[in-house]
Every structure is written in structure tokens, then in C-alpha cells.
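Only one structure is covered here, and it is reproduced in the block below.
Each value in this text was obtained by applying a stated rule to the coordinates, not by laboratory testing. A quick note: this is a predicted structure, and the numbers were derived from the prediction, not measured. Cβ coordinates were reconstructed from backbone atoms using ideal geometry, including for glycine residues, and neighbour counts include every protein chain displayed.
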Amino acid sequence: DEGWDDVYEHIQRATLAYSLTKSLRVSDEFQEFLNDATLLTKAHSEKNKILLDDIYVGQELTGIDQNNNESKTSVEKILATFNIGSKYNISGDDQSGKSSILKKAFVTLRERGFIPVYLKGTQHLYQGKLSNKVKDEFAYDYATDKSLDDYDTKRVVVLIDDFHKIKRKEKVLKELNAEYQSCILMVDDIFCLDVANEGLVVDFNRYRIRELKASLRNKLIKNWLSIREDSENRNFGNDELARIDEMTDLVEQSLGKMLGSGIMPAHPFFILYVLSTYDFNVQPG
């Protein structure tokens, strides 16, 4: 009887924790941040305010194992396999889409029943206890009168953008490893060289953001040309398909892809910058 009582109490606690986590709702203010397209918000002539969902395409990654062997994967794949205890270190150039990927990671992990908490890697992050910063950010990210301590801490995923900008990385990493089982760090390509104690990152799965391949560039161009204020789905006719081809040629020339590897990296921001600059009207010279 005592054994069954223990089982019942365990199931009851697990059920209550699951129900509490499932009912958690993102706050309106943070939802606006997740939808923010930052520099491209006002860049389209057909819509007053562009949202991240209007332009986002899933990006490919290069996975790097402990022996520096590389393999190709994608953001969607690594988020689909994310589990309690997963730790990801994703690196990329400036304007390679790191923040957009982290925002999409927040949404995906939330849909999968995790409790992601989004932190910006500004200098104040290393001042004071990291756990207090995470609890404060949780109160901003979610519309709830409960504290983070009321939830299942195993399902908390700390997301830190621009982690490489923190000066005392070792201090934050030690606290992160001690307090939380799961996390995703967005860093630059030289992040590991700045961490004196390599043991602090040995458990992290490492990934590097790849440039968009031709098919993803084409998808991004289609997304851009589909943007309208009414947000209705748009079917492309012959004229629109010709415009896609035209804009594709423009992007390829602007990135310098005709010259081999290219002049500018084929990251979403640079492609969208080209499209917004020409805004459908300027013909390539």
C-alpha cells in the first residue's frame, strides 16, 4: 500500500507539473519581440511592418564533433532532437541569422513542452547570480503570476544570444552548468578561443551556421515577393515566376556568386537587404 501511495503521489506531481507547464503563456511584450524583424521591419513597400515569420527560412548548420569531424544538419533537425540535458553551442558570422534562429528555437521548444528563457548576452549578465537573471527574464517572457521555482526546472532551457560579448564567460558557464540542465548559446566563430577552461564547454554540441544554398535563397526570395498587407497566401502566376527569376539573378550578381564563392556571404540579411534596396523596381545593370 505504501508503495502504491508513492506511485500515486509521483504521478500526481508529474501531472500537475505537466499541466502547469502546458498552460504557460508567452507575454504580449515578449511575443512582439519574437515577431520583430529588427532592421528589416520597415523595409518592404507592400507592408508597413514586416514580421519575422514573413521572411524566415530554416537554415542549415554544420555539426562539429569532438574530433572536429563535420556533418550537415539543420536548425529544424537539432531542435526536433533537443532533450532534457541537451546543450547547444551555435556559432556564426555577424548578420548570419543567429538571433532569428534563437527566436525560432524559443517558439519550437515552447511547443514541445519546454520552458525556454531568452537572455541577451550584454555585459550586465555576469553581474550577480545568473539564476536571478533567469528568474527575472522568465517573469518578462511569460504572462504568469507564478515564479520559475513553481515549475519543473528540468524543462527550463536557458537561451543566451551574443554570449561571446560577455567578458567573464567562465563565471557564467560555471553557473549555467551548475543550475540548469539544458541551454543554447549563440556565439561568434572565435568563442572557444575565449574560454580558458575548455572543460566548461566539453558537453556542448557544436554547430556552425551555413550560408543559404540556392534552394533556400530561392525560398527566401519567394517569401519576400509574397509579402502583402493582407497576409493572404499568394499563388504565383507566370509574371510572378518571371519576377522570381529576375530577383534571383539580381541576388546572385549582388552577392558575387557568379565569381565562385561570392563577395558577400549568402546569409538572409544580405539577401533581404538587396531585395529591399531594389524594391522590385530597379533592374540589374
(message) Residue by residue through segment 151-162, what is 3J(HN,Hα) from phi via Karplus (6.51 cos²θ - 1.76 cosθ + 1.60, θ = phi - 60°)? Round to whole Hz and write x for glycine and proline.
(response) 10, 6, 5, 5, 9, 6, 10, 7, 10, 10, 8, 6
(request) Enumerate the amide H contacts of Tyr142 below 5 Å, restricted to partners 5 or more residues apart or on another chain; note that Pro and chain-start residues carry no placed amide H. (result) Ser27
(message) So the label point goes 7 Å from the Cα of Gln127 along Cα→C-beta, right? Which residues of segment 148-174 then have their backbone N under 16 Å from it?
(response) 166-169, 172
